[in-house]
1. To the nearest 20 debye, what charge dipole does the chain have about its Cα centre, counting +1 at the Cβ of each Lys and Arg and -1 at the Cβ of each Asp and Glu?
2. So, with +1 on the Cβ of K and R and -1 on the Cβ of D and E, and no other charges, what is the size of the charge dipole of segment 65-151 about its Cα centre, to the nearest 20 debye?
3. Regarding segment 263-409, what are the three Cα extents along the principal axes, ordered largest first, in Å?
4. Got a sec? Charge dipole of the chain, +1 on Cβ for Lys and Arg, -1 for Asp and Glu; which of Cys434, Gln354, Phe369 is way out at the positive end?
5. Starting from the Cα-Cα distance between Phe369 and Lys544, subtract it from 0.36 nm times their residue separation and give me the gain in nm to one decimal.
6. Expressed in nm to one decimal, what extension gain is obtained for the pair Gln536 and Lys175 from 0.36 nm per residue of sequence separation less their Cα-Cα distance?
7. Please find the FRET efficiency linking Arg415 to Ile348, where r is the Cβ-Cβ separation and R0 is fixed at 22 Å, and quote it to the nearest 0.05.
8. Out of Leu493, Leu552, Ala510, whose Cα points farthest toward the positive end of the dipole of segment 490-558 (charges: +1 Lys, Arg; -1 Asp, Glu; placed on Cβ)?
Amino acid sequence: MAKEITNNEDKLPLSDNERMKRESNYLRGTIAEDLKDGLTGGFTPDNFQLIRFHGMYQQDDRDLRAERAEEKLEPLINIMLRCRLPGGIISPQQWLKIDKFASEETLYGSIRLTTRQTFQFHGVVKPKIKPMHKLLHRLGLDSIATAGDVNRNVLCTSNPVESELHVQAYEWAKKISEHLLPKTRAYAEVFLDGEKLDIPDKEPVLGSTYLPRKFKTTVVIPPQNDVDVHANDLSFIAIAKNGKLTGFNVLVGGGLAMTYGDTSTYPRTATEFGYITVENTLKVAEAVVTTQRDWGNRSNRKNAKTKYTLERVGVNAFKTEVEARAGVKFKPTRSYKFTGRGDRFGWIKGIDDQWHLTLFIENGRILDFPGKPIKTGISEIAKIHKGDFRLTANQNLIIAGVPESKKSSIDSLVRKYGLLDDKISEQRKNSMACVAFPTCPLAMAEAERFLPDFISSIEEILNKYGLGNDSIILRVTGCPNGCGRAMLAEIGLVGKAVGRYNLYLGGDRAGTRIPRLYKENSTVEEIQNILDSLIQSWAEKRLKNEDFGDFLIRTEVVRPVKDPARDFYI
Ligand code: SRM
Ligand code: SF4
């Protein structure tokens, strides 16, 4: 078996993050000292990286940078916190406390639902950091390993409509999350004032220097690919017999990020490794993670994710190693089909006779907007709801487990607070953007703040050609990192500079095909004109029920990306 740290094949020096992890004493660094330093709102460079392993990012408001610089003030440094919420489930009682903290203790007063089924607080200043973690702890929550070079929040298909299967899938998402979690006591010691134990830390799965790069895992119940498996390093596709889970098809090596100008980086769909029975789930999850831990590139972080390791060592070599480590042979992949990725909006009755209401939350931003006090609305629901809330990987919210007797009171509340609007178009429901400005330090263009108006322009085009009831999977990200998963969209806009985007076309509805670059560095008006003409020909020449992305491929407007490692750039 390979030793704990294997450099990449070129024997290049390890990246500085490797030194930082090695010297961190199992993720402690000097974070505790930094927390006490009232002279700055920020952290030292090493701790700036290390706090990510505990679910926090140092940020500043980019809208205010220039103004503050003019006034000779340092940027308004604060922290973004990302909670760990396997499968996206949170109770109404937990929600009420989260809501209160966001309103009273953060700079923005909002809660942001993310594309990975959890929520973020933006704008937490240093003195509030420990109280925030202590609050999470009291609520039975934490933010361990929601960022950094570890296995992140484990996703699970969100709508509990096939209740029994969903319960089983969700249990596996939780077990995988726990199994792959860092075991260091750093979080408890640093943020919860936990007792320092006199026993050495051990990281049996992740290793003392953790993973070469972030690692993402999902559990999904076909035919809904609502967690976007191809964005993930490792996915478990539930296979059931008579409504009971028997095992999983395992997919490895998806991921969406790329770096402009660096063709060694590319988005990649995941590879099918085969079927495993359910009792082998944790063994296989661990074997995939440790193979990536030992074989992943620790010199160049841009080529460090599992997708690049698979391409470098070869799929067969990686799969054989996983089989050897797990002591499990993959059987041929069982038949499954994804038909869509969207959430199932509105009221749906589960097979257990409970009702589930999926609400559209534009960009996942929960805040009281003028005339639309959705944040207050959700907390009013939390006060009377006895089931749970489920966050979806499309940044939406499900009020789950509502008995018939409570349905009408919840329905009145969601309408009163503008949370249920029958006029929201299919196009808006199938569109998504990442956060970008003002909080994301990596944003090159607007995304969340740009999307609502851009959708209106696409709605206008669709209506003009009689397609008002149709929709196209449309996603915008403020930079090529891909947080809004534009690289699995039928229309993907990827930020290039303020007001300019690269336009990608030709992904499919189910999220199994990477779109191709169609037009680089375009203004919004140029993109609208291109889409107007392509949507017109879709209206005129589409086959019955043919989706936009498939139409563009069939009519050769774009060539399909078949093997991204080799044909994404040509
Ligand atoms: Fe992301 C970095 C926001 C899902 C790929 N992502 C960031 C940071 C933390 C910026 C930073 O490093 O300082 C962004 C913080 C913005 C802010 O102010 O909140 C950020 N990512 C997000 C969220 C909040 C977007 C959203 O609108 O919901 C999502 C949080 C998910 C979560 O709860 O864990 C989010 N990020 C994703 C996804 C989509 C997914 O996982 O399904 C991707 C693409 C999939 C993938 O990993 O390939 C993604 N984020 C990245 C990357 C590129 C990683 C890479 O492979 O190179 C970065 C930059 C990095 O890691 O260096 C990044
Ligand atoms: Fe920030 Fe880029 Fe991610 Fe958008 S895609 S949140 S701009 S890192």
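1. Details: 83 positive and 74 negative charges, 207 e Å.
I would put it at about 1000 debye.
2. Working: 14 positive and 9 negative charges, 57 e Å.
I would put it at about 280 debye.
3. 57, 37, 26
4. Farthest along the dipole direction, towards plus: Gln354.
5. Numbers: separation 175, 0.36 × 175 = 63.00 nm, distance 4.00 nm.
Computed gain between Phe369 and Lys544 is 59.0 nm.
6. Details: separation 361, 0.36 × 361 = 129.96 nm, distance 4.84 nm.
Full-extension gain reported as 125.1 nm.
7. On the way: r = 17 Å, r/R0 = 0.79.
For R0 = 22 Å, the calculated efficiency reads 0.80.
8. The residue sitting farthest along the positive end of the dipole is Ala510.
Values in this text are rule-based calculations from the coordinates and carry no lab data. No experiment lies behind these values; they were computed from the predicted model shown. As a convention, Cβ positions derive from the backbone with ideal geometry for all residues, glycine included, and neighbour counts pool all protein chains shown.
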